[in-house]
Ligand code: SF4
Ligand code: SF4
């Protein structure tokens, strides 16, 4: 006996895919994901256009270091302890591997020196990579 599920499955056969191939349709076997992302960032490789980035998307944090007054409010509100204080410089550094992109640091910063970017290409084989540290 046909169930609503079967009707839905048949209907979906004639629909365009809701997702797209990302990042590449054919992934080169001699390239690591990290290398591929670096190539894309340098403009040496092109990825399929991802779906449009929604408004207020929370990607990798941007830190305007020179504006920071070292108040540490961001450290107090960060739920994942992703932000460390550098006492000798009175500045911070953010570990993106720990960040959950909640934007609380961004919201509380009194001098507005933290921002959520649209950058979501953050895959890295080494969680301690310099690329995952914002300072
Ligand atoms: S976005 Fe959230 S998790 Fe990430 S550093 Fe800021 S407060 Fe911490
Ligand atoms: S809240 Fe803003 S000004 Fe204060 S330490 Fe964090 S980044 Fe610097």
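A few notes on this one:
- Residue match in the range 50-64 (condition: within 14 Å of ligand 2 (Cβ to nearest atom), out of contact with any strand residue (DSSP E or B) (no Cβ under 6 Å at 6 or more places or on another chain) and without any contact (Cβ under 8 Å) to a residue 60 or more places away in the chain): yes
- For residue 76: the one exception among (1) within 12 Å of ligand 1 (Cβ to nearest atom); (2) surrounded by 12 or more Cβ atoms within 10 Å (Cβ to Cβ): (2)
- Counting the residues of the range 77-100 that are without any contact (Cβ under 8 Å) to a residue 24 or more places away in the chain and farther than 22 Å from residue 54 by Cα gives 11.
- In the range 96-103 there is no residue matching the filter, namely being surrounded by fewer than 14 Cβ atoms within 10 Å (Cβ to Cβ) and modelled with pLDDT under 95.
- Among the criteria (1) within 14 Å of ligand 1 (Cβ to nearest atom); (2) outside any strand (DSSP E or B); (3) over 30 Å from residue 18 (Cβ atoms), the one residue 58 does not fulfil is (3).
- Pair list, Cβ < 6 Å and 6+ apart or interchain, from the range 101-113 residues that are more than 10 Å from residue 58 (Cα to Cα) to residues that are in a helix (DSSP H, G or I) and near ligand 1 (Cβ under 8 Å from one of its atoms): 104/77; 105/74; 108/77; 109/74
The values are calculated or read from the model by the stated rules, or taken from the named source; none is laboratory data. This is a predicted model, so every value here is computed, not measured. Please note: Cβ atoms are built from the backbone with ideal geometry, for glycine as well, and neighbour counts cover all protein chains shown.
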